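Trainee: Please read through the structure below; I'll follow up with questions.
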């Protein structure tokens, strides 16, 4: 239909046609019709046109539908296998008439949920690509059933790549596009594991992002099967959706935060940031919950599009800039807290369907919808324009708004499933990126979101390790098979083994008791991961014992009794709570009465706490040393601890009459009484020792020649005096601590107070410490809470460690000034473990090779129990960050004395370098082989196990210790000292090529250390690489070096990594090798180098060292730059 007026996009003819449509198809909600005219896009808002057949047909006047609109129309027509063939034909595929595909040769269990299979596409060349449409027997099918069918299908038909489209029989309202990727079993090629990329599409109303994915798999007639598969790999990428969602979310986040700062100037920037997070979290949670059909819409039924209809109802009401104040506030603080009353003013404000929906709403509670100090400080509400970006249209004018264009998935996924949608896991990615960008401009938070595969691997490794500590190493292989079991067959087989050994009762007791903590929990990824793993294992135990426990009740119990977290950023804690609530609610089926009779969301305030995991202070007193301080607890206080634990559980469940403030005061009072009891016992010990000293002093005897009794007496008195002195110091510290805890003042986070039931119980400490602590370079470390200067903060961290590990820290040791922040998390984190506990961190691998790593290396070999160091050479864990990581598995360290040589020799360490992505290693066979010492072959002073997927180097802690000892020259000979100076663990045991081990073996007894024949020095340590390392702008490094020889005063234009660009004299610039990768030949060539280093001339450096005034004469350009530092 040609457009009637080329110069006027809103010509009378178009307007007349649109209003004619409005009269012919009157409906309730406003709509926008796009008009494409002369290459320009405009829109006409019509107040009385709504969603109807008229608008659904996308009447685009004067032009063609855009690509996404066409895809949406194609999807709507997908109502049968024949229509499916037409759909893929329109996408450019070489289709065939839908052929029934026989599956009689598949196992009966695989065929059970399937009604029919039709092949729609067949592309056959050097490889093959096919598309199948599969109708299910039931309206819905469990993901486990779909997976079982697909894995059986791939075992029977292993050639080529495929796309599957699932639908219910005779019901095409929702289509499930599944793109499987093979994960070959490391030992049995007949075992097929699939990584499923799943795109759920609502046929009548596909989300914009769903249409974008389907648009991404359009092909041309000449595309090969391999090219088609490449398109599918890209289109079904969750990372792509995650990046896009983050960029969109970040834009609206900045918009809301900036508006709040301007409209509420009495509040600081931190308030605006935190309130923005809270508001968006509250709205997003409703999108997730609505997908479970628990909020009612205009037609009285449960509405998946509740928020959109709620917003449209507001716009119809004619109110202006009142959505935030009068609509959302009522929904958040009254409806979801069971405080809703259908008052007269509300009956005027809200339409009838909203009032009915509010009356039937669920009781959420849990803190997410409780009015907080953030809400109390909000004085000026946000305008409607902001919410239009969320629900109506985006900044570029395209429809719909942010939250309406994404599918918020609520379907539970396994460790090898991922939905191409916004799921709760994606919130972790958003948090990680936002915190690194928005926390503070001058602070690199060093927070990186850990991928789900690594999280799952670490949770299972630490559980196997902890369980084997409890029931015996002889059962470790069985534990690997049980904990890592994925398919139903694997679960049944491991369960049969447990039955044969009569271990079910013991495993059930342990798996319901294990207590897990993430001391730097961030967005709660590891807590969520452990929740899912424990839930799976406990479900299997429940089946064995015939327990009837709903998934909702089981997960709620795990949250209540077994998971704990701490993070220094309070808004990170809020995100962690949100993710755990989502796992509890949207990934479980809850019976409706549970929604209305009691709160759905538990209170997590005493489970995930904001605070500094490393340094806890009240006033000027450091409470870190009290951790696991062996305070003896009398029976009456143990009873108080049990009672407090019961109250916390009731508060968790949302029982009325238990207030958070009262529980916090009770925590304080209980800890004060524990301290008082300890003070009393110390005073009694001092009195007893003083009595012993007086007795010895008053004793009389006549010494004789050779009689050593007098010397022995003096030694006894001296020993008693030392004990009294130590006890008096302890008493003074305890008295100060008790006085610092003021009942009328809020107490900052202190481990022993916040988790008194953990640290003062019968087995003090956590069973598993797991996490991904922040990576912050030494110059960026500071007190996030603003209590101390950077220097004092690091000093206090060291003093805390000195009290926790007196034998390691001694009186003089200090963790080096260049140590990364995560080093402190290692040492403090391991001190939180209970006896028999397991420790598992993923961190930067820098400590394996750099100088500051020597502290952690020495701690592990002399005091710790290092079990595994795992690297992945195939795939980075943090692909978007310039960080290489390792996973570390360790046990409980010694706190008071170092290990003996014999003990160190009995503790083997496995350095494991994987050659395949981690998703291909989540197999019990892999780790059973790694654990089996018999499979290792001797190489020099260690043993090696090589497999196609990995190489594992096993070496005991004693040998590691000896390898890292410093050598000194004495009488012309190098002799070994007892000073540990560190070793290159990463370079030697993880990254070294296989030939390295062959050379060591063949050259045994013939090789000498490089330090014996050459001078070995460290490279340049600038302390500020971004400033000192420079790149020439107009010249090469070689040209700059030649210019410096000819004319050292000649200016050279350079730029640094900090964003500065300017001119510096050539004489101030030296060629530098920043990375060995720059060296392409044995001989270093200047033309291969890319960087210069800022190095003042010798006379300038000497003057600076002497403290003289800067000798800038003759160095006009360089002096200006150097003065910046």
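Trainee: In the list 901, 858, which residue meets the criterion of being at pLDDT 95 or above, crowded, with 21+ Cβ neighbours inside 10 Å and over 20 Å from residue 770 (Cα atoms)?
Mentor: None of the others qualify; the one that does is 858.
Trainee: Touching a helix residue (DSSP H, G or I) at 6+ places or on another chain (Cβ under 8 Å) and more than 27 Å from residue 321 (Cβ to Cβ): which single residue out of 204, 233, 226, 247 fits that description?
Mentor: 204
Trainee: Also, I was wondering about something else. Is the stretch 217-227 home to any residue that is closer than 29 Å to residue 140 by Cβ, modelled with pLDDT under 95 and surrounded by 19 or more Cβ atoms within 10 Å (Cβ to Cβ)?
Mentor: Checking the stretch 217-227: not a single residue is closer than 29 Å to residue 140 by Cβ, modelled with pLDDT under 95 and surrounded by 19 or more Cβ atoms within 10 Å (Cβ to Cβ).
Trainee: I'd like the full set of residues that are over 21 Å from residue 81 (Cβ atoms), crowded, with 18+ Cβ neighbours inside 10 Å and in contact with a strand residue (DSSP E or B) (Cβ under 6 Å, 6 or more places away or on another chain), limited to the stretch 152-188.
Mentor: Once the filter is applied, which keeps residues that are over 21 Å from residue 81 (Cβ atoms), crowded, with 18+ Cβ neighbours inside 10 Å and in contact with a strand residue (DSSP E or B) (Cβ under 6 Å, 6 or more places away or on another chain), the stretch 152-188 yields only 183.
Trainee: Residue check: is residue 744 assigned to a loop (DSSP other than H, G, I, E, B) and in the same structural domain as residue 458 (by TED's automatic domain parsing)? Give the steps one after another, and end with the answer.
Mentor: Working: assigned to a loop (DSSP other than H, G, I, E, B): yes; in the same structural domain as residue 458 (by TED's automatic domain parsing): no.
Here the answer is no, as residue 744 does not meet what is asked.
Trainee: While we're looking at this one, here's another question. Considering only the stretch 601-622, how many residues are closer than 13 Å to residue 750 by Cα, in contact with a strand residue (DSSP E or B) (Cβ under 8 Å, 6 or more places away or on another chain) and part of a loop (DSSP other than H, G, I, E, B)?
Mentor: 4
Trainee: Consider the stretch 344-370. How many of its residues are modelled with pLDDT of 90 or more and either buried (at least 16 other Cβ atoms within 10 Å of the Cβ) or in a loop (DSSP other than H, G, I, E, B) (or both)?
Mentor: Matching residues across the stretch 344-370 total 9.
Trainee: Moving on to the next point. If residue 526 satisfies all but one of (1) in contact with a helix residue (DSSP H, G or I) (Cβ under 9 Å, 6 or more places away or on another chain); (2) on the phi > 0 side of the Ramachandran plot, what's the number of the condition it fails?
Mentor: Going through the list (1) in contact with a helix residue (DSSP H, G or I) (Cβ under 9 Å, 6 or more places away or on another chain); (2) on the phi > 0 side of the Ramachandran plot, residue 526 breaks only (2).
Trainee: Among the residues of the stretch 803-813, what is the count of those that are in contact with a helix residue (DSSP H, G or I) (Cβ under 6 Å, 6 or more places away or on another chain) and at pLDDT 90 or above?
Mentor: 2
Trainee: Scan the stretch 150-163 for residues that are over 31 Å from the mean Cα position of the chain (by Cα), under 26 Å from residue 216 (Cβ atoms) and not in a loop (DSSP other than H, G, I, E, B) and jot them down.
Mentor: Matches in the stretch 150-163: 153, 154, 161, 162.
Trainee: While we're looking at this one, here's another question. Kindly indicate whether any position in the stretch 323-336 is closer than 30 Å to residue 650 by Cβ and either in contact with a strand residue (DSSP E or B) (Cβ under 6 Å, 6 or more places away or on another chain) or assigned by TED's automatic domain parsing to the domain that holds residue 202 (or both).
Mentor: no
Trainee: Among the residues of the stretch 654-682, what is the count of those that are surrounded by 15 or more Cβ atoms within 10 Å (Cβ to Cβ) and in a loop (DSSP other than H, G, I, E, B)?
Mentor: 2
Trainee: Residues that are loosely packed, with under 12 Cβ neighbours inside 10 Å and either under 18 Å from residue 1024 (Cβ atoms) or at pLDDT 80 or above (or both): does the stretch 1107-1120 have at least one?
Mentor: No - not one qualifying residue is present in the stretch 1107-1120.
Trainee: Could you please find all residues in the stretch 1074-1096 being closer than 15 Å to residue 1026 by Cα, touching a helix residue (DSSP H, G or I) at 6+ places or on another chain (Cβ under 9 Å) and in a loop (DSSP other than H, G, I, E, B)? Steps first, answer last, please.
Mentor: At the first step, the residues of the stretch 1074-1096 found to be closer than 15 Å to residue 1026 by Cα are 1074-1075, 1090-1095.
Next cut, touching a helix residue (DSSP H, G or I) at 6+ places or on another chain (Cβ under 9 Å) only: 1074, 1090-1095.
Result: 1074, 1090, 1095.
Trainee: Turning to a different aspect of this structure: From the list 753, 794, which residue is outside any loop (DSSP other than H, G, I, E, B) and at pLDDT 85 or above?
Mentor: Only one candidate passes the filter, namely 794.
Trainee: Would you mind stating whether residue 800 is assigned to a helix (DSSP H, G or I), touching a helix residue (DSSP H, G or I) at 6+ places or on another chain (Cβ under 9 Å) and touching a residue at least 24 places away in the same chain (Cβ under 8 Å)?
Mentor: Taking the combined requirement at face value, the residue satisfies it.
Here is a yes/no grid of residues against (1) surrounded by fewer than 11 Cβ atoms within 10 Å (Cβ to Cβ); (2) in contact with a strand residue (DSSP E or B) (Cβ under 7 Å, 6 or more places away or on another chain); (3) modelled with pLDDT of 85 or more; (4) assigned to a loop (DSSP other than H, G, I, E, B):
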residue	(1), (2), (3), (4)
1015	yes, no, no, yes
1020	no, yes, no, yes
1026	no, yes, no, no
1030	no, yes, yes, no
1059	yes, no, no, yes
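The rows are residues; the columns are (1) under 21 Å from the mean Cα position of the chain (by Cα); (2) at pLDDT 95 or above.
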| residue | (1), (2) |
| --- | --- |
| 505 | no, yes |
| 523 | yes, no |
| 551 | no, no |
| 575 | yes, no |
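Trainee: Among the residues in the stretch 760-771, are any closer than 14 Å to residue 819 by Cβ, touching a strand residue (DSSP E or B) at 6+ places or on another chain (Cβ under 7 Å) and surrounded by fewer than 24 Cβ atoms within 10 Å (Cβ to Cβ)?
Mentor: No: the stretch 760-771 contains no residue that is closer than 14 Å to residue 819 by Cβ, touching a strand residue (DSSP E or B) at 6+ places or on another chain (Cβ under 7 Å) and surrounded by fewer than 24 Cβ atoms within 10 Å (Cβ to Cβ).
The values are calculated or read from the model by the stated rules, or taken from the named source; none is laboratory data. None of the values given here were measured: they were computed from a predicted structure. As a convention, Cβ positions derive from the backbone with ideal geometry for all residues, glycine included, and neighbour counts pool all protein chains shown.
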